[in-house]
Amino acid sequence: MGKHAHCARIRESGIIVIVRADSSGELVDVAKALQQGGVDIIEITMTTPGALQVIEDVRNACGDDVLVGAGSVLDAETARATILAGAEYIVSPVLSEGVIRMAHRYQKAVMPGTFTPTEMFRAHEMGADFVKVFPVNRMGPGYLKDVLAPMPHLAIVPTGGISQDNIADYIAAGAAAVGVGSALVKKDWVRDRKFDLLTSAARDLRKAVEAA
C-alpha cells in the first residue's frame, strides 16, 4: 500500500496508539495484542530504547496487519532512519520543515506537532497529511471545534491525555483520528505481560470510537 492508502487507513481506524516503553523486548507482543483488539495503527516513539530495531521487528512480525509509524521524530536525519527501518508514517511533537520534506521525499505520511491555529495552518501549507495538536489536554475537545470552524479542511489529530473517558468527545469535535498513549498501553501491563488486558482495553476503545 502507498501513502494515500495509509492515510485512509488512519482515518478509518481513528486511533493511533503511541507506544513508549523503558525496554523494547515486549513491544512486538504489545503490537500483536493491540491488533487483536482491533487497533492496528501503532506509533513507536524514538524515546524507546532500540526504537529503530523495534520498528523493524514489528514490521517483520506483523506485516500489513499493523501500520507502523515512528513518533517523537525531531529532525530530518531521524525521519530518514525510521523510514529505512520500515516506518510508514512519521509523527513529530514539533513543526519541523525538515521532517516534512524527508517524509515527502520517501512518499510517507507525515504528522507534525502544533498547538496554535497559526501553526496548524502553517503545517497544512507545508504539506502535512495530518496536523497533530499537542498537548491537547491543556485545551480540551472544544478547542478543536473552535479551530475547525474557520478551517474545516484541517485533518487534526489531538494527542495528550486522551482516554476511554473522553475519546468520543474528540471524535465528535471533528478529529480525523486521535493519539492515545499511556491511557491504553499501561506500563505495568507491559511489564507483567498482561497482554489480554491490553487487547480488552483496545477493543473497548475501538467501540467508543465507532459509537462516536
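The values are calculated or read from the model by the stated rules, or taken from the named source; none is laboratory data. These numbers come from a predicted model, not from an experiment. Every residue, glycine among them, receives a Cβ derived from its backbone with ideal geometry; neighbour counts consider all protein chains shown. The area values use the complete protein model at the heavy-atom level, side chains included, leaving out ligands, DNA and RNA. Shrake-Rupley method; radii C 1.70, N 1.55, O 1.52, S 1.80 Å.
Looking at (1) under 17 Å from the mean Cα position of the chain (by Cα); (2) modelled with pLDDT of 95 or more; (3) among the hydrophobic types (A, V, I, L, M, F, W, C), which is the only condition Leu27 fails?
(2)
When you check Val28 against the structure, is it open to solvent by 20 Å² or more (accessible area, probe 1.4 Å), more than 18 Å from Gly160 (Cα to Cα), β-branched (Val, Ile, Thr) and in contact with a helix residue (DSSP H, G or I) (Cβ under 6 Å, 6 or more places away or on another chain), yes or no?
Working: open to solvent by 20 Å² or more (accessible area, probe 1.4 Å): yes; more than 18 Å from Gly160 (Cα to Cα): yes; β-branched (Val, Ile, Thr): yes; in contact with a helix residue (DSSP H, G or I) (Cβ under 6 Å, 6 or more places away or on another chain): yes.
Yes, satisfied.
Could you list, in sequence order, the residues of region 56-75 that are closer than 18 Å to Gly179 by Cα and surrounded by 19 or more Cβ atoms within 10 Å (Cβ to Cβ)?
So the first thing to find is which residues in region 56-75 are closer than 18 Å to Gly179 by Cα, and the list is 66-74.
Correct list: Val66, Leu67, Val68, Gly69, Ala70, Gly71, Ser72, Val73.
Do the conditions hold for Gly14, that is, is it at positive phi, buried (at least 21 other Cβ atoms within 10 Å of the Cβ) and either at pLDDT below 95 or not polar (S, T, N, Q) (or both)? Full working, then the answer.
Details: at positive phi: yes; buried (at least 21 other Cβ atoms within 10 Å of the Cβ): yes; either at pLDDT below 95 or not polar (S, T, N, Q) (or both): yes.
The answer is yes for Gly14.
Just name the residue that is nearest to Leu67 (Cα to Cα) out of those in region 105-130 that are part of a helix (DSSP H, G or I) and open to solvent by 60 Å² or more (accessible area, probe 1.4 Å). Explain how you work it out, then say what you get.
Step one: list which residues in region 105-130 are part of a helix (DSSP H, G or I), which gives 105, 117-125.
Add one more test, that the residue is open to solvent by 60 Å² or more (accessible area, probe 1.4 Å), and what stays is 105, 118-119, 121-122, 124-125.
Details: Arg105: 19, Thr118: 30, Glu119: 27, Phe121: 26, Arg122: 27, His124: 23, Glu125: 25 Å.
Ranking the candidates gives Arg105 first.
Against the definition (touching a residue at least 60 places away in the same chain (Cβ under 8 Å), open to solvent by 10 Å² or more (accessible area, probe 1.4 Å) and not hydrophobic (A, V, I, L, M, F, W, C)), how does Asp22 come out, yes or no? Before the answer, list the steps.
Working: touching a residue at least 60 places away in the same chain (Cβ under 8 Å): yes; open to solvent by 10 Å² or more (accessible area, probe 1.4 Å): yes; not hydrophobic (A, V, I, L, M, F, W, C): yes.
Criteria met by Asp22.
Any chance you could count how many residues in region 155-199 are among the basic types (Lys, Arg) and either buried (at least 17 other Cβ atoms within 10 Å of the Cβ) or not in a loop (DSSP other than H, G, I, E, B) (or both)? Explain how you work it out, then say what you get.
Within region 155-199, the subset among the basic types (Lys, Arg) is 186-187, 191, 193-194.
Okay, now just the ones that are also either buried (at least 17 other Cβ atoms within 10 Å of the Cβ) or not in a loop (DSSP other than H, G, I, E, B) (or both), so 187, 191.
Residues meeting the conditions: 2.
For Arg193, indicate whether it is of a type outside the set (Ser, Thr, Tyr) and on the phi > 0 side of the Ramachandran plot.
Working: of a type outside the set (Ser, Thr, Tyr): yes; on the phi > 0 side of the Ramachandran plot: yes.
Answer is yes for this residue.
Could you say whether any residue in region 61-70 is in contact (Cβ under 8 Å) with a residue 60 or more places away in the chain, under 17 Å from the mean Cα position of the chain (by Cα) and in a helix (DSSP H, G or I)?
Applying the first criterion (in contact (Cβ under 8 Å) with a residue 60 or more places away in the chain) to region 61-70 yields 64, 67.
Then drop every residue that is not under 17 Å from the mean Cα position of the chain (by Cα), which leaves 64, 67.
Then keep just the ones that are in a helix (DSSP H, G or I); that gives 64.
Yes, that holds for at least one residue.
Does Val39 fit the bill of being closer than 20 Å to Ser182 by Cβ and outside any strand (DSSP E or B)? Step through it out loud before you land on a result.
Details: closer than 20 Å to Ser182 by Cβ: yes; outside any strand (DSSP E or B): yes.
Yes, satisfied.
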